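Just below is one structure, and these are the notes that go with it.
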Amino acid sequence: MTPDSPPVPLEHPDGPLTGYRVLDFADEKGQLCSRLFAELGADVIKVEPPREGDATRTNGPFFRGEEGPNTSLYWWAMNAGKKSVTLQLKLESGRELLRKLIEKSDIVIETNVPGEAAALGLDYASVSAANPSAILVSITNFGQTGPYAKWAASDIVASAMGGHMHLNGDDEHGPVRTTAPQAFPEVSSQAAVGAMIALYARGVNGGIGQHVDVSMQEAMANAMDHAQQTWDIRHVNTFGPGVNRQGSGIRAGRYLFECSDGWLTALQAGGLIGPNANTVIDWLNETGEAGDLAQDAWRTKLSALQPVAPDDRKVVEDTLTAYTRKRKKEDLVAEAQRRQLGWAPVFSPSEIVDSKQLAARDYWVRVAHEDIGESFIYPGAPFKLDTTPWRQRGRAPSIGEHNEEVYCGMLGLEPAELKRLKLKMVI
């Protein structure tokens, strides 16, 4: 870093959480949670083991394919805008420093297996003893109690045992997992909500903190819409429908259609079944591609708001598929929207980056990585606040980058003491 380099993290003087401090001891289950707090103005300190740093620094892929503690794209994404200090919690001198950090913090986030946090000073009894107003957020695989409390789990396990996987896939392949992790960000987001409620509650219960117990399995179960209620009340077990629509356990027509450059999504065969049937038939018929659907009998049948026989539905879907396969998805969607039809392109990650809509809303944020002389785009605000704004706070920190700032500047240690603690591998 040079004298002209931007500070890490960037200042955020007017966020809704400006003035609050968060200690982050989390793995993949909680790093998004604390990053959101940082982007809302909180002073977030990522606490890592000395020397090797946090284990997620080894999560690939890596910048330029070069594996290292500061090149993980996962680390960049989940820990941008935080500070980093190193601390060995297995040593009593490390736990003493931990208590001093907790004294000056509002929220502590940990993801240890239930029963293992106490030895590190991260159980609620230890945290509240150091600071009665502190809020402890424990994010675990299955919660603090229950027969699975100590089971090992990853994102795919939570997707399977939270029910999400069963809602995806098809009869031929069985349940499938969404490619990008869903359980980790879901539990992080729900943990953030729980922490904010606990922070608000501190103002009405005498300033006392509390323990927020968050289960990754429960977070995924909470995100299943009404699938559980459909079973409980109707005894219909919702399942993965493949390219077809599935509503309350009942398989309907397909909603994904292949295009010359990808896929689009369109319910009710793009509107060919239902009150918009004639609109779509007329569109296809402009180029002579509506086939038999242009006949009066088909027009009446498709717009009658009555169930369509499976054989008839296949004719309709095959007709639309033949039409869409010859054309580009965004051209098709633009014309469909002009005709008041709710079609949408299925965007790939690269297409999301190039989205005109996101560009028009200034969604993407360019972040400087002055340590490697590069800059990259990062996702922007998950919500826009006009008075207390969200802000991206810069790149992710290197291992222990803020040791001196935190231990000397915040806790008041002398530089000589900091050096001694480093030699003893406490920090």
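The values are calculated or read from the model by the stated rules, or taken from the named source; none is laboratory data. Worth saying up front: this structure is predicted, and the values here are computed from it rather than measured. No Cβ is skipped: glycine too gets one built from the backbone with ideal geometry, and neighbour counts run over all protein chains shown. What goes into the accessible areas is simple: the full protein's heavy atoms, side chains included, and nothing from ligands, DNA or RNA. Shrake-Rupley method; radii C 1.70, N 1.55, O 1.52, S 1.80 Å.
Table: residues versus (1) within 30 Å of Ile135 (Cα to Cα); (2) assigned to a loop (DSSP other than H, G, I, E, B); (3) among the small types (Gly, Ala, Ser).
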position	(1), (2), (3)
Met196	yes, no, no
Tyr200	yes, no, no
Gly203	yes, yes, yes
Gly206	yes, yes, yes
Gln217	yes, no, no
Gln229	no, no, no
Asp232	no, no, no
Gly242	no, yes, yes
Arg245	no, no, no
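Looking only at region 99-111, decide whether some residue is hydroxyl-bearing (Ser, Thr, Tyr), in contact (Cβ under 8 Å) with a residue 24 or more places away in the chain and either open to solvent by less than 10 Å² (accessible area, probe 1.4 Å) or assigned to a loop (DSSP other than H, G, I, E, B) (or both). Before the answer, list the steps.
Going residue by residue through region 99-111, those that are hydroxyl-bearing (Ser, Thr, Tyr) are 105, 111.
Those still in the list that are in contact (Cβ under 8 Å) with a residue 24 or more places away in the chain too: 105, 111.
Filter once more, keeping what is either open to solvent by less than 10 Å² (accessible area, probe 1.4 Å) or assigned to a loop (DSSP other than H, G, I, E, B) (or both): 105, 111.
The answer is yes; a qualifying residue exists.
Taking into account only those residues within region 167-180 that are under 22 Å from Thr140 (Cβ atoms) and open to solvent by less than 60 Å² (accessible area, probe 1.4 Å), which is nearest to the chain's Cα centre (by Cα)?
Residue satisfying both the conditions and the ranking: Ala180.
If you take the residues of region 277-298 that are within 14 Å of Tyr323 (Cβ to Cβ), small (Gly, Ala, Ser) and in contact with a helix residue (DSSP H, G or I) (Cβ under 7 Å, 6 or more places away or on another chain), which of them is surrounded by the fewest Cβ atoms within 10 Å (Cβ to Cβ)?
Ala294
Quick check on Gly247: is it of a type in the set (Gly, Ala, Ser), out of contact with any strand residue (DSSP E or B) (no Cβ under 6 Å at 6 or more places or on another chain), surrounded by fewer than 17 Cβ atoms within 10 Å (Cβ to Cβ) and over 30 Å from Val127 (Cα atoms)?
The answer is yes for Gly247.
Looking at (1) at positive phi; (2) part of a loop (DSSP other than H, G, I, E, B); (3) free of Cβ contacts under 8 Å to residues at least 40 places away in the same chain, which one does Arg64 not meet, given that it meets all the others?
Failing condition for Arg64: (2).
Every residue in region 329-355 that is part of a loop (DSSP other than H, G, I, E, B), of a type outside the set (Gly, Ala, Ser) and closer than 30 Å to Arg366 by Cα, please. Reasoning before the result, please.
Going residue by residue through region 329-355, those that are part of a loop (DSSP other than H, G, I, E, B) are 339-343, 346-348, 354-355.
Next cut, of a type outside the set (Gly, Ala, Ser) only: 339-341, 343, 346-347, 354.
Selection gives Val346, Phe347, Asp354.
Condition test on Asp331, is it closer than 30 Å to Asp282 by Cβ, at pLDDT 95 or above and open to solvent by 70 Å² or more (accessible area, probe 1.4 Å)?
Taking the combined requirement at face value, the residue satisfies it.
Among (1) assigned to a loop (DSSP other than H, G, I, E, B); (2) modelled with pLDDT of 95 or more; (3) over 25 Å from the mean Cα position of the chain (by Cα); (4) hydrophobic (A, V, I, L, M, F, W, C), which single condition is Trp151 missing?
The failed condition is (3).
For region 84-98, name all the residues that are in contact with a helix residue (DSSP H, G or I) (Cβ under 7 Å, 6 or more places away or on another chain) and buried (at least 23 other Cβ atoms within 10 Å of the Cβ).
The answer is Val85, Thr86, Leu87.
Being free of Cβ contacts under 8 Å to residues at least 40 places away in the same chain and more than 15 Å from the chain's Cα centre (by Cα) is the filter here; which residues of region 154-164 pass it?
Those that are free of Cβ contacts under 8 Å to residues at least 40 places away in the same chain and more than 15 Å from the chain's Cα centre (by Cα): Val157, Ala160.
Hey, can you tell me all the residues within region 394-416 that are of a type in the set (D, E, K, R) and either under 31 Å from the mean Cα position of the chain (by Cα) or open to solvent by less than 60 Å² (accessible area, probe 1.4 Å) (or both)?
Scanning region 394-416 gives Arg395, Glu401, Glu405.
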